[in-house]
2 protein chains.
Amino acid sequence: MILDRVNTPDDVKKLSFGEMEALAGEIRELIIKKVNTTGGHMGPNLGAVEAEIAMHYVFNSPIDKIVFDVSHQCYPHKILTGRKDGFTNPDNYLVYTGYTAPEESEHDLFKVGHTSTSVSLACGVAKARDLKGEKGNVIAFIGDGSLSGGEALEGLDNAGSMDSNLIIIVNDNDMSIAENHGGLYANLKLLRQTNGQAECNFFKSLGFEYYYVNEGNNVEKLVEAFKKVKDINHPVVVHIRTVKGCGLEVAEQNKEAFHWILPGTLDENKEPVEFVENYTSLTRQYILDKTKNDKTVIAVNAGTPGVFGFDKEFRNTLGRQYTDVGIAEEHAVAYCSALATCGAKPIFAVMSSFIQRTYDQMSQDLCLNNSPATILVYWGGISGADATHLCTFDIPLISNIPNMVYLAPTNKEEYLAMLDWSLKQTEKPVAIRVPNVEFISTGVEDKTDYSVVKFKVVEEGEKVAIIALGNFFELGREVKKALGINATLINPCFMTDIDEELLESLKANHSVVVTLEDGELDGGFGEKITRFYGNSDMKVLNYGAKKEFTDRVPLDELYRKYRLTKEQIAEDIMKGI
Amino acid sequence: MILDRVNTPDDVKKLSFGEMEALAGEIRELIIKKVNTTGGHMGPNLGAVEAEIAMHYVFNSPIDKIVFDVSHQCYPHKILTGRKDGFTNPDNYLVYTGYTAPEESEHDLFKVGHTSTSVSLACGVAKARDLKGEKGNVIAFIGDGSLSGGEALEGLDNAGSMDSNLIIIVNDNDMSIAENHGGLYANLKLLRQTNGQAECNFFKSLGFEYYYVNEGNNVEKLVEAFKKVKDINHPVVVHIRTVKGCGLEVAEQNKEAFHWILPGTLDENKEPVEFVENYTSLTRQYILDKTKNDKTVIAVNAGTPGVFGFDKEFRNTLGRQYTDVGIAEEHAVAYCSALATCGAKPIFAVMSSFIQRTYDQMSQDLCLNNSPATILVYWGGISGADATHLCTFDIPLISNIPNMVYLAPTNKEEYLAMLDWSLKQTEKPVAIRVPNVEFISTGVEDKTDYSVVKFKVVEEGEKVAIIALGNFFELGREVKKALGINATLINPCFMTDIDEELLESLKANHSVVVTLEDGELDGGFGEKITRFYGNSDMKVLNYGAKKEFTDRVPLDELYRKYRLTKEQIAEDIMKGI
């Protein structure tokens, strides 16, 4: 194995081109085996093996500084920078994160997981170098899919006018997670077709010197190009054409499906997955039905259709009633706002972690204009995910924007009723937190009118009132059981407003109110309840997540830490009554 | 007067070119007089007079739909669409807002005030038209300064690949508020120099058909160009070259100063303004001193240097220790994050209303990486501003992000100590809310170590504790006086965390805690205090702003409405003790 001789980037520099090609094969094999075992990003890593070998051959990390965009393609880099044990030994498969992590290595500059950040970060790295009078190359390594994000475009505009060394490697595999969208991609295509020679060049128009490498999975060609730009004294773009999933036939043929895979995807004789209804499939079907019956209903997403089950069949069926804006959440919200203002019925599906990318558009374009668009927030809640992909913060983020209505359904029928209400009404922007817990169907149609803020008293009791929001409604039910008293159980439905009349009425025969929410407590739902009771004798206990970034901490561990088990909560309540 | 005959856009269509040129002169005169009386946006409106006349001559608003970016250049449009009485009669000067306002006219589509939104909004308007099977042109009117914002760039990328009518008029006056920054502007310059003929064309690279009008203050030339693109069936950019401040010599010569002016700026014999120290001048001087003594300190802002007193002298003095990223707040935060990570000391100055444009970068690039950058948030607090420029939301927005330290100084010495601490420490991202109240100097150096969360007990008392944050600290002092009892007065300094030890100790001899904050209560500072006391006998009263968009409501009216006068607060407290 060549890899036996490679422990640091310096070792890469000693290899011949033939050895580097062989090394690429070895790395590829490790990645395929590891990702198929643990699940993770397959296509992005396989496509970038040669580029990362060539970078470490030409540049001198960590003096030269490489900033990865999203960084879900950094596995070859990790293998080359002292962390190959996380790939060669299955026992270590989970030792290293799937993203760059400064705590792991001096070769990783930033903890990164959201897209489109690398160019701006690289500008800062380069400027710090210049202010401190240091030397060295600064390299941003960005995939084509990330280019469409506002932060990347702002970064490119600024980078193009910098006056010192800055190298942007555009890893062009003609794909976002799904196919690419937007005018920019037509230009990348033109550049590929003309071997980089077309006069109409997005990067040149922003002030960059420009190089094109057609064989972006050929180490020698890459080394040649990188050598040309090494130690350059101005901003340059090296546009390399790579194959997503390169070297794994099935991944090359199914680029979208193999962007990120579940464990065992490559294994033969897999059990066929049986269809089980869940909130994702329910939403998918709901949108299919609605768009069929109303030509003004339109589904919108920002570059992650797979998360919502918006597969090719769905996309083809919807046709012009479907827009994937690419990675461009700001545009998505403004676009939906205008669609709604003009009488169409947009439904924007987005992950909780990514709705963060568009606060100002929610505030200014959407809520200030009271545009009746519908936003579906997926995966909201405490999770064991990477620190970069936590979905804990959407309640504080969304629910404190004026005019917004943010709803938390607790079962199928309630969710459908909220969807129906949101699409019918024309007064308010509405966000709905798609339940992220076990699927529950009551079998009873929900006929609530959600234009009035009214919490639902599900079980009327006394002394203790448990206000259990959305995902945590069933937890509330369990807490009541654990308490063993006739507590009141409330499903608040709304995260943006409180039902003052109901809260006031609770004072008559309750002394403790408990709030449960699946998200950050600071700035969240429970605090609104507590503020209401601030000047009364009511005791209020708020349960939810601490304000912190957690990193791959198992969910049950987080629950225990935040005292979110039914036993812990019941214990606390009993102390108070 | 030609204007006597013009009450609707239809009337514009009856005019000859000569009459339209004369009309432009009349409109210009009205704008100059009005803006010099009330204050407001001068240069942007004077530059766009002919373009807006030509738009209404060629297009049929409101069937054709015009979306203004920022909309601070919409005065000619307002005059032409039935609202000239707001300009001809000084008594009506304040009747109409300075921005587009759908409640005023069917010719205004959106309430807009933040930049870079028009292209995305226009995409939505166009798509709604197509879904509903309607006809008509959709026009986005965007200034060159707004092009650098992420939302505009995401919008352009998406717009460039649309398959129906969409017309983007780029109003290029070679200026943001101050001079333009970024690679894109070099391309606009090239296009101006080549009369639009250069092959390297940013807009074409994004898929647009492209037209150039060199004489953008000539109605006839504009009409000719607009006629060419009217009813076009694909996206097109019409790049028009205009003169900011056109027709007012002093504004043409001083483009930055005349972007927005104070009342009476044009009047002769003005009293010379005497220099009075305030928090803006203090900050400016502080940065001048720091950058001089430490070459790694760098001041950053996003296209609004004038707000912070970053005038030409300041910019020239700082040289390479100054970056104006243009309107690109996302880039600014990521750039500062990387600067800080790499050992430089960035200070990002930004208005409260615009920090909203970069939540995800604060969360992911900055706080997740614990980058020790300093963000100075100006103008934070309740205000009588337009709904589009409220500065009420920064506490909920910023203070619920993990790892962030958000500080609220109450006087000069405290502010300087916080600045010093922030620049010295290397552990945490820090934001400081620059005081937005009367300048106070204690004359006593503040030697607090802000690395520990400790509220300051300024006056120790009993029964009632007043926790008065930042801008509202002096209000807290007044409330204490109005109460006439020996209340405890606390300056909490921190908005992101609470001093649990102190709060716990208050339980001993206090029964009421009052929080005062100059911002939205929902998700804000006070609720953290209330949550702490939720399970205790302490009564807590929170004072701040309601969650709502207000629009030019006078500050004293808002204070009364929110019960923020010292008398109202004292009255409420007395009820509770």
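Every number here is computed from the coordinates shown, using simple stated rules; none is lab data. Just so you know, these numbers come straight off a predicted model, no measurement behind them. Here the Cβ positions follow ideal geometry from the backbone for every residue, glycine too, while neighbour counts run over all protein chains shown.
For each pair in B:Lys290/B:Lys447; A:Lys507/B:Lys547; A:Lys463/B:Lys507, compute the distance between the two Cα atoms and list the pairs where it is over 23 Å.
On the way: B:Lys290/B:Lys447 18 Å; A:Lys507/B:Lys547 25 Å; A:Lys463/B:Lys507 25 Å.
Pairs exceeding the cut-off: A:Lys507/B:Lys547; A:Lys463/B:Lys507.
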Using a 7 Å Cα-to-Cβ projection, A:Glu462 label spacings across copies, nm, ascending: 3.8
Farthest toward positive dipole pole in chain B [+1 Lys/Arg, -1 Asp/Glu at C-beta], among B:Thr88, B:Cys367, B:Asn218: B:Cys367
Inter-label distance for A:Lys447 and A:Lys546, nm, one decimal - labels placed 7 Å from Cα along Cα-to-Cβ: 4.8 nm
Cα centre as origin, Lys/Arg/Asp/Glu Cβ charges: the protein assembly as shown dipole, Debye: 300 debye
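Based on the inverse mean of 1/r over its pairs of different Cα atoms, what is the Kirkwood hydrodynamic radius of the stretch B:18-154, in Å? Let's see the in-between values first.
Details: mean 1/r = 0.0651 Å⁻¹.
Final number for the Kirkwood radius of the stretch B:18-154 is 15.4 Å.
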Position A:Asn316, label points 7 Å along Cα→Cβ, spacing to each other copy in nm (shortest first, one decimal): 6.6
Estimated vicinal HN-Hα couplings, Hz - the stretch A:95-110 in sequence order (Karplus 6.51, -1.76, 1.60; Gly, Pro = x): 5, 9, 6, x, 9, 5, 8, x, 6, 8, 7, 6, 8, 9, 8, 9
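Would you tally the net charge around A:Asp537, using a Cβ to Cβ cut-off of less than 14 Å, leaving A:Asp537 out, and scoring K and R as +1, D and E as -1?
So the environment of A:Asp537 carries a net charge of +2.
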Across the identical copies, how the A:Phe17 labels are spaced - nm, sorted shortest first, 7 Å along Cα→Cβ: 6.3
Spherically averaged projected area of the stretch A:96-242 from its Cα convex hull (nm²): 9.0 nm²
Dipole moment magnitude, nearest 20 debye, the stretch A:143-294 about Cα centre, only Lys, Arg, Asp, Glu C-beta charged: 380 debye
Reachable aspartates and glutamates from B:Lys424, criterion Cα separation under 16 angstrom, eight or more residues apart if same chain: B:Asp289, B:Asp294, B:Glu414, B:Asp446, B:Asp449
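I need the fraction of alpha carbon pairs in the stretch B:1-95 separated by more than 21 Å, rounded to a whole percent.
25 percent
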Residue of chain B nearest the B-to-A rotation axis [by Cβ], rounded angstrom distance: B:Gly150, 1
Positive-end residue of A:Asn36, A:Ser61, A:Pro429, charge dipole of chain A with Cβ unit charges: A:Pro429
Assigned charges on the beta-carbon of Lys, Arg, Asp, Glu; the stretch B:101-143 dipole about Cα centre (debye): 240 debye
Relative contact order [Cα under 8 Å, 6+ residues apart], chain B, whole percent: 10 percent
Charge sum, other residues only, whose C-beta stays under 12 Å from A:Tyr99's C-beta, Lys/Arg counted +1 and Asp/Glu -1: -3
Unit Cα scatterers, Debye sum, the stretch B:127-199: log10 I(q)/I(0) for q = 0.22, 0.24 Å⁻¹: -1.06, -1.17
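Evaluate the Kirkwood expression for the hydrodynamic radius of chain B, namely the inverse of the mean inverse distance over all pairs of different C-alpha atoms, and round to one decimal in Å. If you can, show how the numbers build up before the last one.
On the way: mean 1/r = 0.0390 Å⁻¹.
Radius from the Kirkwood sum: 25.6 Å.
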Equivalent ellipsoid semi-axes - Cα gyration tensor, the stretch A:110-165, angstrom: 21, 12, 8
C-alpha center-to-center spacing [the stretch B:519-577, the stretch B:25-99] in angstrom: 39 Å
Kirkwood hydrodynamic radius (C-alpha pairs) into Stokes-Einstein, the stretch A:199-259, 20 °C and 1.002 mPa s, D in µm²/s: 161 µm²/s
Dipole-positive endmost among A:Cys74, A:Val49, A:Phe348 within chain A (Cβ charges, Cα centre): A:Phe348
Cβ-defined net charge surrounding A:Ile573, 15 Å radius [Lys, Arg +1; Asp, Glu -1]: +3
Overall Cα dimensions of the protein assembly as shown, principal axis frame, Å, largest first: 85, 76, 68
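Applying a 10 Å radius around every beta-carbon, put B:3-11, A:543-551, B:116-124, B:445-453 in order of their mean neighbour count, most first. Walk me through the numbers before you get to the answer.
Details: B:3-11: 15.9, A:543-551: 20.6, B:116-124: 31.4, B:445-453: 12.9.
The most tightly packed comes first, giving B:116-124, A:543-551, B:3-11, B:445-453.
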Mean-position separation - Cα centroids, the stretch B:298-347 and the stretch B:412-445, in angstrom: 18 Å
For peptides B:528-535, B:159-166, B:271-278, sequence by mean Cβ density within 10 Å, most packed first: B:528-535, B:159-166, B:271-278
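Listed highest first by mean packing, meaning other Cβ atoms within 10 Å per residue, what order do B:234-240, B:416-422, B:66-72 come in? Let's see the in-between values first.
Values: B:234-240: 24.3, B:416-422: 19.7, B:66-72: 27.4.
Highest to lowest by the protection proxy: B:66-72, B:234-240, B:416-422.
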Alpha-carbon centroid distance for the pair the stretch A:156-172 / the stretch B:225-288, whole angstrom: 30 Å
